[in-house]
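Trainee: Take a look at this one; I'll ask things after.
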Amino acid sequence: MDKLNISAQHARVLSGMRPTGRLHLGHYHGVLKNWVDLQHEYDCYFFVADWHALTTHYEDPSIIPNSIWDMVIDWLAAGVNHGEAKLFIQSQIPEHAEFHLLLSMITPLGWLERVPSYKDQQEKLKEKDLATYGFLGYPLLQAADILMYKAGLVPVGEDQVAHVELTREVARRFNHIYGREQNFEELSIHAMKKMGKKNAKLYYRYRKGYQEQGDLVSLEAAQALLESQQNLTVNDRERLFGYLEGSGRIILPEPQPLLTKASKMPGLDGQKMSKSYNNTIALREEPEVIEKALRTMPTDTNRVRRIDPGDPARCPVWQFHEVYSGEDVKQWVQNGCKSASIGCIECKQPVIDAVLQELKPIQERARDFEEQPELVRTIIAEGCEEARDMAQETMNEVRAAMSLNLR
Ligand code: TRP
Ligand code: SF4
């Protein structure tokens with residue numbers, strides 16, 4: 001997609017990650033590589049969701065600060081670039097908390113109770129007492145994170161799509177309640193004229209087509225027209241989007257989830273790579289340790305002796321080949337395993353080489369950043385600065401819409 005031809009909202013991407021400490025290959029293949037690609041194409045905001053971590057780790061928050069810096073170093077080491085994306089920490093932008101509070105006023109309890117992760121996580125994390133106000137409200141905190149930056153796209157995994165859906169509902173409700181202006185019609189017509197005679201006429205015709213005949217093609221054409229307008233202010237554009245549908249001004253645009261495909265990266269035991277399964281390869285793990293872990297990982301249990309044939313379909317090592325090996329190596333594995341012409345150690349070697357090669361530049365960059373903690377602090381401070389500017393702008397609009405701009 002062309003960065004220049006899409007509206008500001010559609011070009012903005014926001015995503016957050018809980019600070020879980022050092023990241024592993026599952027994070028790299030599942031999330032970070034995707035972020036690295038997105039940052040070239042969109043205006044990206046990536047942040048450390050440390051308040052989100054508190055919703056489940058409130059009893060022992062002392063590990064969170066180190067986890068934050070470890071995670072940020074891994075982001076940078078993986079190629080997430082502070083020159084391209086804005087990197088910040090949620091708790092350093094207190095506007096998120098204010099926004100969360102204000103959104104809580106209009107959010108029906110049922111909407112939060114219905115979010116699947118609410119019950120699921122309580123079931124899964126039985127050892128924790130998650131019957132808290134903060135835990136119930138955490139998808140709404142996420143909505144505040146997203147709406148604060150008026151993001152158009154939110155890269156998330158399957159488990160988080162419901163949160164983006166909630167965000168859309170909250171935005172819609174907010175716009176419905178607070179998007180009404182006294183002289184909305186008048187302001188909209190005034191804004192329309194700023195597009196020039198020809199475009200104003202076109203817009204008006206599309207609007208009529210949509211409002212009188214429910215013609216969706218007209219709706220989309222009008223939206224595209226608005227997005228291509230260069231000389232409209234943000235407020236006027238939002239007004240005209242709202243006027244199009246007859247509702248009112250759109251203060252908080254609705255985001256779309258950008259579904260991140262589940263990572264194919266298996267853990268050392270063939271299950272999904274995850275800290276809780278103790279089967280991870282950390283990005284900053286020593287090469288010798290990685291090599292040993294791969295050498296000793298389990299294989300097809302039918303291959304008891306070297307001469308016993310096996311089946312890659314029953315072997316976790318094969319899943320690593322699926323991620324790391326080309327067609328020729330994969331053929332060699334298939335044939336060699338089934339005919340017992342290769343041994344398992346031999347079979348693992350290309351995987352070991354590929355993992356170490358992939359991690360080498362990442363580990364070098366990580367070492368650079370480890371040696372310059374002040375640089376990492378500065379990168380984040382600058383990202384926070386930029387995020388704060390945007391957050392303050394949104395909060396000014398939100399406060400005004402909710403009659404909170406006291407003088
Ligand atoms: N809730 C997300 C998680 O647990 C992290 C997160 C917080 C997030 N705020 C966000 C993701 C906003 C995307 C957008 O993984
Ligand atoms: Fe697994 Fe390779 Fe051994 Fe076959 S030869 S069992 S694919 S490690």
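Trainee: Scanning for something at positive phi, buried (at least 19 other Cβ atoms within 10 Å of the Cβ) and under 16 Å from the mean Cα position of the chain (by Cα), does segment 149-159 turn up at least one residue?
Mentor: yes
Trainee: Given (1) surrounded by 14 or more Cβ atoms within 10 Å (Cβ to Cβ); (2) within 30 Å of Val398 (Cα to Cα), where does Gly79 come up short, assuming only one miss?
Mentor: (2)
Trainee: Quick check, is Val154 of a type in the set (A, V, I, L, M) and not in a helix (DSSP H, G or I)?
Mentor: It is true that Val154 is of a type in the set (A, V, I, L, M) and not in a helix (DSSP H, G or I).
Trainee: Hey, among the residues in segment 26-60 that are among the acidic types (Asp, Glu) and in contact with a strand residue (DSSP E or B) (Cβ under 8 Å, 6 or more places away or on another chain), which one's nearest to Leu283 (Cα to Cα)?
Mentor: Per the criteria, the residue is Asp50.
Trainee: Then there's this: Does segment 362-374 contain any residue that is free of Cβ contacts under 8 Å to residues at least 60 places away in the same chain, within 23 Å of Leu23 (Cα to Cα), in a loop (DSSP other than H, G, I, E, B) and more than 31 Å from the chain's Cα centre (by Cα)?
Mentor: No: zero hits.
Trainee: I'm trying to understand the selection: among the residues of segment 338-353, which are within 14 Å of ligand 2 (Cβ to nearest atom) and assigned to a helix (DSSP H, G or I)?
Mentor: Lys338, Cys344, Ile345, Glu346, Cys347, Lys348, Gln349, Pro350, Val351, Ile352
Trainee: Further question: Only one residue in Val323, Val333 is touching a residue at least 12 places away in the same chain (Cβ under 8 Å), within 8 Å of ligand 2 (Cβ to nearest atom) and touching a His at 6+ places or on another chain (Cβ under 8 Å), so which one is that?
Mentor: So the residue among Val323, Val333 that is touching a residue at least 12 places away in the same chain (Cβ under 8 Å), within 8 Å of ligand 2 (Cβ to nearest atom) and touching a His at 6+ places or on another chain (Cβ under 8 Å) is Val333.
Trainee: Mind checking which residues of segment 292-304 are open to solvent by 100 Å² or more (accessible area, probe 1.4 Å) and either at pLDDT below 95 or within 10 Å of ligand 2 (Cβ to nearest atom) (or both)?
Mentor: Listed by number, the residues that qualify are Thr301, Val304.
Trainee: Whether any residue in segment 51-72 is of a type in the set (Ser, Thr, Tyr) and under 18 Å from the mean Cα position of the chain (by Cα) is what I want to check.
Mentor: No, because not a single residue in segment 51-72 is of a type in the set (Ser, Thr, Tyr) and under 18 Å from the mean Cα position of the chain (by Cα).
Trainee: Only one residue in Gly383, Gly326, Gly310 is at pLDDT 95 or above and within 16 Å of ligand 1 (Cβ to nearest atom), so which one is that?
Mentor: Unique residue meeting the criteria: Gly383.
Trainee: Also, I was wondering about something else. Name the residues in segment 1-25 that are closer than 25 Å to Ile281 by Cβ and modelled with pLDDT of 95 or more, would you?
Mentor: Ser15, Gly16, Met17, Arg18, Pro19, Leu23, His24, Leu25
Trainee: Going by what's in this entry, would Arg303 be described as more than 27 Å from the chain's Cα centre (by Cα), assigned to a loop (DSSP other than H, G, I, E, B) and not assigned by TED's automatic domain parsing to the domain that holds Val13?
Mentor: Here the answer is yes, as Arg303 does meet what is asked.
Residue-by-condition table, conditions (1) farther than 30 Å from Glu238 by Cα; (2) of a type in the set (Phe, Trp, Tyr); (3) in the same structural domain as Gln363 (by TED's automatic domain parsing):
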{"residue": "Thr20", "(1), (2), (3)": "yes, no, no"}
{"residue": "Leu23", "(1), (2), (3)": "yes, no, no"}
{"residue": "Tyr28", "(1), (2), (3)": "yes, yes, no"}
{"residue": "Asp43", "(1), (2), (3)": "no, no, no"}
{"residue": "Thr55", "(1), (2), (3)": "yes, no, no"}
{"residue": "Tyr58", "(1), (2), (3)": "yes, yes, no"}
{"residue": "Trp75", "(1), (2), (3)": "yes, yes, no"}
{"residue": "Gln90", "(1), (2), (3)": "no, no, no"}
{"residue": "Leu101", "(1), (2), (3)": "no, no, no"}
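Trainee: Of Tyr42, Tyr28, which residue is within 15 Å of ligand 1 (Cβ to nearest atom), under 14 Å from the mean Cα position of the chain (by Cα) and farther than 15 Å from Ile380 by Cβ?
Mentor: Tyr42
Trainee: Here's another thing I want to ask about it. Every residue in segment 330-348 that is open to solvent by less than 60 Å² (accessible area, probe 1.4 Å) and either closer than 25 Å to Glu286 by Cβ or outside the structural domain of Cys315 (by TED's automatic domain parsing) (or both), please.
Mentor: Scanning segment 330-348 gives Cys344, Cys347, Lys348.
The values are calculated or read from the model by the stated rules, or taken from the named source; none is laboratory data. All values reported here derive from a predicted model rather than from experimental measurement. Every residue, glycine as well, gets a Cβ built from its backbone with ideal geometry; the counts of neighbours run over all protein chains shown. With ligands, DNA and RNA removed, areas are computed over all heavy atoms of the protein, side chains included. Shrake-Rupley method; radii C 1.70, N 1.55, O 1.52, S 1.80 Å.
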